[in-house]
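Take a look at the structure set out below.
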Amino acid sequence: MPTPTEPVAFPFSDPAGLDVEPELGRLRAGAGLCPVQLPYGGPGYLAVRHQDVKTLLSDRRFSRAASVGPDEPRLLPIVQRANLLIASDGPVHDRLRRLLAAAFTVRGVERLRPRAREIISDLLDTVGKQDGPADLMELFALPVPILMICELLGVPEPDRARFRALAESFLAAKLHQLTAEQIGAAGQELRRYLTDLVAGRHDEPSDDLLGSLVAEGDLSDEELVGIAVTILIAGHEVLADQLANFTYFLLTHPGHHRQLLDDPELIPAAVEEMLRYTPLGVSTGSPRRATEDVELGGTLVRSGEYVLPVMTAANRDDTVFAAADVVDFERPHNQHLGFGFGVHRCLGSALARLELQEAMQALLSRFPGLRLAVPPEELTWCTGGLVRGPHTLPVTWDA
C-alpha cells in the first residue's frame with residue numbers, strides 16, 4: 001500500500017478478533033506519515049513506525065492539550081475535557097503527575113498485591129460454582145479492575161455495586177452502546193458520586209489515594225474528580241479487555257497455553273509479550289497537535305496539524321522486534337509501547353502489570369483445563385471504540 005497523498009478514511013477496516021489491519025503493515029514499510037480523515041473532527045496523520053511513535057509521544061512540540069476540542073481527529077463523538085491528566089501537558093501535566101507518582105511506583109502498588117490476590121481468588125470461586133459454561137468477561141475480566149480501582153480510590157464496600165454499575169454505564173457509552181443523552185446522564189451521575197466521595201475525605205481522612213491527595217491539599221476538588229475519572233477510564237475498560245484478550249489468545253493458541261502451564265515462571269515475560277502483540281486499541285491512540293513545523297518520519301507536519309500514534313503498528317515493527325508477527329514468551333529486551341512512551345506513559349503501568357500477572361497466574365493455576373465453550377468464530381467483539389475486546393467470553397473446563 002503506497003502512502004496516500006490525500007486523507008483517506010480511517011479506520012481502514014473492521015478487523016475481526018485480535019487481527020491487525022493489514023494496511024498498517026504496508027504503511028509501515030512505505031515512506032512518510034499517512035494522511036487520514038477520522039469519523040469525527042478534522043484530518044490528521046498516522047504514525048505507524050516504532051521510532052516515529054516514540055518521537056511523537058516524547059517531543060513536546062507535539063501537544064496533547066492543544067489537541068482537545070471539537071476539531072480534534074477522533075474515533076468517538078465525545079470531546080475530551082482539557083483538564084484531565086491524559087489531556088494536558090507542560091507545567092499542568094507535570095504538576096498532576098508529580099502528585100500522583102508516589103502512589104503508582106512499583107513499590108507503591110506492591111502493597112495492593114495481597115488484596116489483588118484475594119479479589120481474584122474470590123472471583124474465580126464464583127466462576128468455579130457456575131453450572132455450565134461461565135462468561136469470563138462478566139464474572140472475571142470486568143470485575144477485577146473495577147474492584148482494584150475501588151481499593152485504590154477507597155470506595156466503601158456498600159457502594160461498590162453501585163459504583164461498578166455507574167462505571168460500566170459510563171464506559172459502555174464510550175463504545176457507542178448508549179445515546180448522547182445517556183452518555184451525558186451516565187457521566188453526570190458518576191461525577192456526582194465521585195464529588196461526594198472527595199467531599200467525604202475532607203470530613204473523614206483516609207489512607208487511600210483520594211484521602212492522601214486531599215490531605216496534601218495541592219489539588220482542587222474538581223481536579224481530584226478529574227483524576228478519579230482518568231483512573232477509571234485508563235484502569236477499568238483497558239484492563240478488562242486485556243484480561244479477556246490475553247485469555248482468548250491463550251485458549252486459541254494451545255502451544256503457548258501449554259508453555260505457561262508447564263512453566264508459570266514465564267508469566268511476567270508472557271504478559272509483556274502479549275502487551276506487545278495483542279492490539280489494545282481498535283485503531284489509534286490520542287492525537288497530538290504540532291505547535292510548530294516539525295519533520296516526523298520524513299513528513300513535514302505543519303504547525304496546527306494533528307498526528308495520531310498507532311501503537312499496535314509500532315509494536316509489530318520488524319526493525320525493532322525480530323519475527324514481530326510471532327509471539328515469543330522468551331523475547332529479550334521487549335521494548336513494546338503497550339503503555340505508551342514519554343511524559344504521557346501510562347502512570348498506572350505497574351498496577352496494570354500486577355493485575356495482569358496475578359490474574360493470569362491464578363486463572364491458569366485454578367483452571368488448567370480451561371477452554372472456550374463456543375467456537376472462536378462465534379464470539380462477537382466490541383468495535384468502533386477506543387479499545388477492543390469480546391462482548392462475552394464463555395468458557396468451560398475439565399474437572
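The values are calculated or read from the model by the stated rules, or taken from the named source; none is laboratory data. From a predicted model like this one, the values you see are computed outputs, not experimental measurements. Neighbour counts are summed over all protein chains in view; Cβ atoms, including those assigned to glycine, are modelled from backbone coordinates with ideal geometry. These area figures cover heavy atoms from the full protein model, side chains too; ligands, DNA and RNA do not enter into them. Shrake-Rupley method; radii C 1.70, N 1.55, O 1.52, S 1.80 Å.
Can you name the residue in the stretch 1-12 that is in a loop (DSSP other than H, G, I, E, B) and surrounded by fewer than 12 Cβ atoms within 10 Å (Cβ to Cβ) and, of all such residues, is modelled with the highest pLDDT?
The residue in question is Glu6.
Confirm whether Leu300 is touching an Asp or Glu at 6+ places or on another chain (Cβ under 8 Å), at pLDDT 95 or above and either open to solvent by 20 Å² or more (accessible area, probe 1.4 Å) or not hydrophobic (A, V, I, L, M, F, W, C) (or both).
yes
Of all residues in the stretch 351-385, how many are of a type in the set (Gly, Ala, Ser) and closer than 23 Å to Glu168 by Cα?
Selection size over the stretch 351-385: 4.
Test Leu38 against the stated conditions and say whether it is within 19 Å of Asp89 (Cα to Cα), surrounded by 21 or more Cβ atoms within 10 Å (Cβ to Cβ) and touching a strand residue (DSSP E or B) at 6+ places or on another chain (Cβ under 9 Å).
no
So, Thr291, is that one in contact (Cβ under 8 Å) with a residue 24 or more places away in the chain, touching a Ser or Thr at 6+ places or on another chain (Cβ under 6 Å) and among the β-branched types (Val, Ile, Thr) or not?
Judged against the criteria, Thr291 is a match.
I'd like to know if the stretch 71-86 contains one or more residues that are under 15 Å from Ala352 (Cα atoms) and at pLDDT 80 or above.
No, every residue in the stretch 71-86 fails to be under 15 Å from Ala352 (Cα atoms) and at pLDDT 80 or above.
Answer yes or no: is there a residue in the stretch 54-61 that is open to solvent by less than 20 Å² (accessible area, probe 1.4 Å) and assigned to a loop (DSSP other than H, G, I, E, B).
no
Pull out all pairs, ordered by first then second residue, where Cβ-Cβ is under 7 Å, the residues are six or more apart or on different chains, the first lies in the stretch 314-333 and is closer than 18 Å to Lys54 by Cα and part of a loop (DSSP other than H, G, I, E, B), and the second is of a type in the set (A, V, I, L, M) and open to solvent by less than 60 Å² (accessible area, probe 1.4 Å).
Asn315/Leu337; Arg316/Val20; Arg316/Ala324; Asp317/Ala324; Asp318/Ala324
All but one of (1) touching a Cys at 6+ places or on another chain (Cβ under 8 Å); (2) not in a strand (DSSP E or B) hold for Tyr45; which doesn't?
(2)
Assigned to a helix (DSSP H, G or I), within 24 Å of the chain's Cα centre (by Cα), at pLDDT 85 or above and surrounded by fewer than 18 Cβ atoms within 10 Å (Cβ to Cβ): which single residue out of Leu266, Leu224 fits that description?
Leu266
Kindly indicate whether Gly369 is open to solvent by less than 50 Å² (accessible area, probe 1.4 Å), within 24 Å of Pro145 (Cβ to Cβ) and not acidic (Asp, Glu).
Considered against the rule, which asks whether it is open to solvent by less than 50 Å² (accessible area, probe 1.4 Å), within 24 Å of Pro145 (Cβ to Cβ) and not acidic (Asp, Glu), Gly369 comes out as no.
Got a sec? Which helices (runs of 4 or more DSSP H) wholly within the stretch 62-170 have at least 2 residues that are without any contact (Cβ under 8 Å) to a residue 40 or more places away in the chain and open to solvent by less than 40 Å² (accessible area, probe 1.4 Å)?
Where helices (runs of 4 or more DSSP H) fall fully within the stretch 62-170 and carry at least 2 residues being without any contact (Cβ under 8 Å) to a residue 40 or more places away in the chain and open to solvent by less than 40 Å² (accessible area, probe 1.4 Å), they are 113-128, 143-153.
Looking only at the stretch 243-251, decide whether some residue is of a type outside the set (Lys, Arg), touching an Asp or Glu at 6+ places or on another chain (Cβ under 9 Å) and surrounded by 21 or more Cβ atoms within 10 Å (Cβ to Cβ).
Among the residues of the stretch 243-251, at least one is of a type outside the set (Lys, Arg), touching an Asp or Glu at 6+ places or on another chain (Cβ under 9 Å) and surrounded by 21 or more Cβ atoms within 10 Å (Cβ to Cβ), which makes the answer yes.
List the pairs whose first member sits in the stretch 183-197 and is modelled with pLDDT of 90 or more, whose second member is outside any helix (DSSP H, G or I), and whose Cβ atoms are under 8 Å apart, counting only residues at least 6 apart or on separate chains?
Pairs that qualify, where the first residue is modelled with pLDDT of 90 or more and the partner is outside any helix (DSSP H, G or I), are Leu197/Gly154; Leu197/Val155.
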